[in-house]
Structures are given as C-alpha cells and as structure tokens.
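Beneath this line is the structure, given in structure tokens, with notes to follow.
We did not get these values from a lab; they are worked out from the coordinates using the rules stated. All figures in this text were calculated on a predicted structure; none of them were measured in a lab. Here the Cβ is made from the backbone with ideal geometry for all residues, glycine too, and neighbour counts use every protein chain on show.
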Amino acid sequence: MMMRSFILLLLAAPLGFAAPVPKELKQTDEQRIVGKWEMVVYYRNGTDAGPQTEHWLLEKGGRASIINPKAMVPESAITYKLTAGNGFDWQRSDSLRVGIYRLDGNTLKLAMGEWDVRPTELKPGAGCSYCEFRRVKTEGK
C-alpha cells in the first residue's frame, strides 16, 4: 500500500509543476482574429501592388469594416467567417470572396481567390489576392 501511494505521488508530482498555458494559446482563432489590422503587404493576381493605406477592423460575431486612414470613412456592411481548414470567407455587398488564412501572433496572412475559387496555398499567385496584416495595438494594451 505504501509503495502504491509513493508511485502515485511520483506520477502526480509533475502536474503540480507544469507551467501555465499562455492566454493566447487558450483562445480560438475566432477570438484571436478580432481587432484592427493594418495591411502591410498586398499582391493582386501575382503582382506586388504595394502596401495599401487601409485598416481592417474584424469584430466579434463576424462583422467587419475597412477603414482608409486618408479618407477616414469606414466601409461597412462586410462580414467574414472562418471555416474549416483555415478557410476565410469575406462577404461584401453582393460579392463573396473565399480564401485561406494563417494567424501567427500579431501577423495575419490571407490569400483570397478570384472568381469564387479558394486558393490552396498561402502565397501570391495568379487568380488570387494575397495580403499580410499587422495587428494595430490599441492604447492600454
């Protein structure tokens, strides 16, 4: 009996010393993607179109808006949805763009297909728009 208690204690001991899981690892992509993002890389149909001056505001519940800091007028009535297999669907007025995404810390990468075809690779190429965004830090965070 004493030996069994000792073995159980040895097996349970590492559990007490485990490092806490960082908050960002506990969050889902739906939670981590929420925020304001600045576009820093933009390719259209495989051609470098240079960084745009727009920011994307992705909100909880799938609402989105595009803000052009020069115009300071947000374009609204946009929705987004994360789907299986790192899919990213972007609905704007009556057009739907389908794509794929990757979140890596404060970097968001998107490849969105032209003509309703979801890209299979997350890189610039023919038939897609490729964007990289950097998270805009808000005051106090």
Order of Val34, Val98 - criterion: other Cβ atoms within 10 Å of each residue's Cβ, fewest first: Val34, Val98
Rg/Rg_globular for region 65-138, with Rg_globular taken as 2.2 N^0.38 Å and Rg from C-alpha atoms: 1.14
Karplus-derived 3J(HN,Hα), 6.51/-1.76/1.60, for each residue of region 57-70, Hz, glycine and proline x: 9, 9, 9, 4, x, x, 7, 9, 8, 10, 10, 9, x, 5
R0 of 22 Å, Cβ-Cβ distance Gln91-Asp29: FRET efficiency to nearest 0.05: 0.75
Cleavage-rule hits, chymotrypsin sites (Phe, Trp or Tyr not before Pro), region 68-134, DSSP coil, Cβ neighbours within 10 Å at most 13: Trp115
Residue exposure sequence - Ser95, Ser65 - by fewest surrounding Cβ within 10 Å: Ser95, Ser65
